[in-house]
Amino acid sequence: MRHRLPALLLATTLLTGLVGCSADDPSRGASARTAGEAPLAKGRRPDVPAEWREQAATSKRRQKEGQKNKDKRTHAHAGASARVAGSTDNTDHPQGRKTRRQTDDAPGSATIDDTNGLRIMTLNAEHLMSPAVFARWRSFCEPLGWRDGPGDRRPAGLPYCDALNGRDMQGRLTFGPQHRRQDLDAKVRQLAELVRTARPDIVLMQEITDADAVRQVLGKGWTIHTTAERWNGGPISQNLAVAWPTHRFLQEPRVEVVESLARSSPEGRRTRPGLAVYLPLPVPEKPSGTPPKAARPAPTLAILNVHLKAGCRQGRLDRSLSRQPTRQWRRLSSCQTLQSQVPALEGWLDRQMAAGHAVLISGDFNRDLRQELRQGLPARGDGSPAAAPIRTSDEMRRVASVLPELDDDQPRGTRLTLVASGPYRKLARCHHHIDVFLLSHNLDAWLRTPLEDLRVQVVPFEAPLSLERPRPSDHCPHVLQLPL
């Protein structure tokens, strides 16, 4: 086959060069002729050997057949479970038929600058406290040297004493600690600027103490709901919030606490509940003369804000990645708690799908769902189908992964798309790929852009981390534009 390529290229060159024009520059063919060459008569085609024409025709035919096969594979993939919209490789570059390298302002990439749609932002604010809670936290922790002692019972609703000590997960001092009121104010200013950059219509926040903590960042003119005020499960320091600009929607969204996600951990602590908001979707206009149908519930976008159990970011939930006993126990403890949250999350999802709602689940999953798909992790460790109900704690411990377990086509049509995030730029000194957006496939009916073309934007920090000031968070804002 190697001897055919030059012939085909030569035929193509002859076809374009002899007619005296180029697709990019009409004058290129004429100017390229040497002295003494006679121009071709207008409308006359050059004489091309028959074997060259046959090679060109064969090449075109093969290209068409290849494209047909590619379209068939793509169509089959579109019906498969757990699609990854705007999927990326390890370099965070999109891949796939309908995806492309998307920049912050690439057309069709569902950017935050698109004014026609719904912008949803998720942000873990890393122990964001209201001034009142901060004062109580400081008065308790400062005498202890900002450390939690074994015999010191921290009051309920206060973060860990070493939560904002300026150190990363490896214990390295990388940013300024937040121990003074001016440190809290500096953190709030940075978060407020990130929100202004994102310009969201709906804000989903995690790790906030109460509504006053959120109000510091968003300012006036926002409707704010948090689990601190709406949940009766007792005071916790890591609450969730949903917020939107007041009067943004014609009909006020309904908010609900999803208490089933608050599970007891082996350490004796309860995990955080979920917080759902139900947003009416626009009803498509019917053509004139269309007969009226029986009244149906208005279409709804059910949005769930979650903050799942940490400590089980990668690998199978039913296995430990460490042979060190202490680390092994910690991971198994965290993974078992996450295993117990998955059926609760699936139960909420199934109820929304059964009601005909479109679904968006977002927040801090503390889990890299991309890796689950890339590694082909099973839904259950015992090989049982994901659609089989889970009733006992023993059955919960068979759950091996999150997304394959959720994406089981039960009720029928319950399929999910994981929207890829990125790029994570140099100033995005934050956790990667655990702040997730999951979309149900039926949402595609309301979108101007196909689900597989969507991509989550990561809003980087304004400035590099510095020992001179506290960081805004250990998470970056993640923004998804829904082109409704």
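Couple of notes before you dig in:
- For the stretch 153-178, a tally of residues being among the aliphatic types (A, V, I, L, M) and either crowded, with 18+ Cβ neighbours inside 10 Å or free of Cβ contacts under 8 Å to residues at least 60 places away in the same chain (or both) returns 4.
- Among residues that are surrounded by fewer than 19 Cβ atoms within 10 Å (Cβ to Cβ) and closer than 21 Å to residue 437 by Cβ, residue 207 is not included.
Here is a yes/no grid of residues against (1) out of contact with any helix residue (DSSP H, G or I) (no Cβ under 9 Å at 6 or more places or on another chain); (2) acidic (Asp, Glu):
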residue: 398; (1), (2): no, no
residue: 415; (1), (2): no, no
residue: 440; (1), (2): no, no
residue: 445; (1), (2): yes, no
residue: 454; (1), (2): yes, no
residue: 458; (1), (2): yes, no
residue: 467; (1), (2): yes, no
residue: 474; (1), (2): yes, yes
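- Only one entry in 367, 380, 374, 351 is of a type outside the set (A, V, I, L, M, F, W, C), crowded, with 21+ Cβ neighbours inside 10 Å and modelled with pLDDT of 95 or more, namely 367.
Table: residues versus (1) in contact (Cβ under 8 Å) with a residue 12 or more places away in the chain; (2) under 16 Å from residue 404 (Cα atoms); (3) touching a Phe, Trp or Tyr at 6+ places or on another chain (Cβ under 7 Å).
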position	(1), (2), (3)
352	yes, no, no
357	yes, no, no
362	yes, no, yes
365	yes, yes, no
368	yes, yes, no
373	yes, yes, no
378	yes, yes, no
385	yes, yes, no
389	no, yes, no
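- Condition broken by residue 181, with the remaining ones in (1) basic (Lys, Arg); (2) touching a helix residue (DSSP H, G or I) at 6+ places or on another chain (Cβ under 9 Å); (3) within 17 Å of residue 239 (Cβ to Cβ); (4) modelled with pLDDT of 95 or more satisfied: (3)
- Test: residue in the stretch 358-378 that is within 26 Å of residue 275 (Cβ to Cβ), of a type in the set (Phe, Trp, Tyr) and in a helix (DSSP H, G or I): no
- Subset of the stretch 236-247 [modelled with pLDDT of 95 or more and either in a loop (DSSP other than H, G, I, E, B) or more than 18 Å from residue 363 (Cα to Cα) (or both)]: 236, 237, 238, 245, 246
- Of all residues in the stretch 203-215, those that are at negative phi have Cβ atoms under 7 Å from Cβ atoms of residues that are among the acidic types (Asp, Glu) and surrounded by 24 or more Cβ atoms within 10 Å (Cβ to Cβ), 6 or more apart or on another chain, in 206/364.
- Scanning the stretch 383-433 for residues that are among the hydroxyl-bearing types (Ser, Thr, Tyr), in a loop (DSSP other than H, G, I, E, B) and under 19 Å from the mean Cα position of the chain (by Cα) gives 401, 414, 424.
- Subset of the stretch 309-333 [in contact (Cβ under 8 Å) with a residue 60 or more places away in the chain and surrounded by 21 or more Cβ atoms within 10 Å (Cβ to Cβ)]: 317
- The requirement of being more than 26 Å from the chain's Cα centre (by Cα) and not aromatic (Phe, Trp, Tyr) is satisfied by residue 184.
- Just one of the numbered conditions (1) closer than 25 Å to residue 398 by Cβ; (2) touching a strand residue (DSSP E or B) at 6+ places or on another chain (Cβ under 9 Å); (3) at pLDDT 95 or above is not true of residue 309: (2).
Table: residues versus (1) in contact with a Pro (Cβ under 8 Å, 6 or more places away or on another chain); (2) closer than 22 Å to residue 480 by Cα.
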{"site": "319", "(1), (2)": "no, no"}
{"site": "323", "(1), (2)": "no, no"}
{"site": "333", "(1), (2)": "yes, no"}
{"site": "352", "(1), (2)": "no, yes"}
{"site": "383", "(1), (2)": "no, no"}
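- Residue 391 being in contact with a Gly (Cβ under 9 Å, 6 or more places away or on another chain) and closer than 23 Å to residue 274 by Cβ: no
- For residue 400: the one exception among (1) within 30 Å of residue 242 (Cβ to Cβ); (2) at pLDDT 95 or above: (1)
The values are calculated or read from the model by the stated rules, or taken from the named source; none is laboratory data. What you are looking at is a predicted structure, and each value in this text was computed from that prediction instead of being measured. Reconstructed Cβ throughout: ideal geometry from the backbone, glycine too, with neighbour counts over all protein chains shown.
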